[in-house]
Structures are given as C-alpha cells and as structure tokens.
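Novice: Quick one: this structure, given as structure tokens, is what I'll be asking you about.
The values are calculated or read from the model by the stated rules, or taken from the named source; none is laboratory data. The shown structure was predicted, so the numbers you read here are calculated from the model rather than taken from an experiment. Every residue, glycine as well, gets a Cβ built from its backbone with ideal geometry; the counts of neighbours run over all protein chains shown.
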C-alpha cells in the first residue's frame, strides 16, 4: 500500500471512529459500577428485581444501571465538540461491559 493511501486510510479511520461514536452512544446510556468477584444468589435476585443488571466479565461483577446522560438528545450528544475529558479519552474497545461500536475497528 502506498504512503498516500495509508495516510488517507488513517484519516478515514478517525472519521469512522467519530461517526461510530455518534451513532452508538451506548456509554452515554448506562452507569456501570464494579462490585467485586462474588455476589450470592439472594443479592443477585434483590438487585435484579430493582432493575440493576449484573454483568460478569473476567470474574469481575458489575452493576449496570440504565441512566441516560443529560447531554444526550435524539440527534446525539449536545456537547460532543466540547464534551468532558472523561468522554474524550474513553476508549470503548477496552470496556468489558459496553458494546461499543469501536470494537468493530481494528486496533490502531
């Protein structure tokens, strides 16, 4: 592949990340909290009955609560261009809970 083609491919990949982010927004729709490695059945039942999903990833349990960011609109993120640092540095490819569309991309 020629250098020019590689450069074009790389710039398209960055654009693709932004497009995928604005299309997905899964990380803007939940709050996830790591709770440890073990939760007995009674506790699981208690939390599940209250709308808290429990996800097990690599032997770490997570409480996953539905919560939509106040900046998220039907058109996307209201503050995307000036979003908080936590949102700018978030890399959904490494998130064990969120089904981020960035996972569809190859590692850079």
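To keep it simple, each residue is scored yes or no on (1) outside any helix (DSSP H, G or I); (2) exposed (fewer than 13 other Cβ atoms within 10 Å of the Cβ).
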| site | (1), (2) |
| --- | --- |
| 48 | no, yes |
| 61 | yes, no |
| 64 | yes, no |
| 97 | yes, no |
| 103 | no, no |
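Novice: Look through 81, 23, 19 and report the one residue that is in a helix (DSSP H, G or I), touching a helix residue (DSSP H, G or I) at 6+ places or on another chain (Cβ under 7 Å) and surrounded by fewer than 15 Cβ atoms within 10 Å (Cβ to Cβ).
Specialist: Answer to the check: 23.
Novice: Looking only at the stretch 26-39, count how many residues are loosely packed, with under 14 Cβ neighbours inside 10 Å and modelled with pLDDT under 90.
Specialist: Here the count works out to 3.
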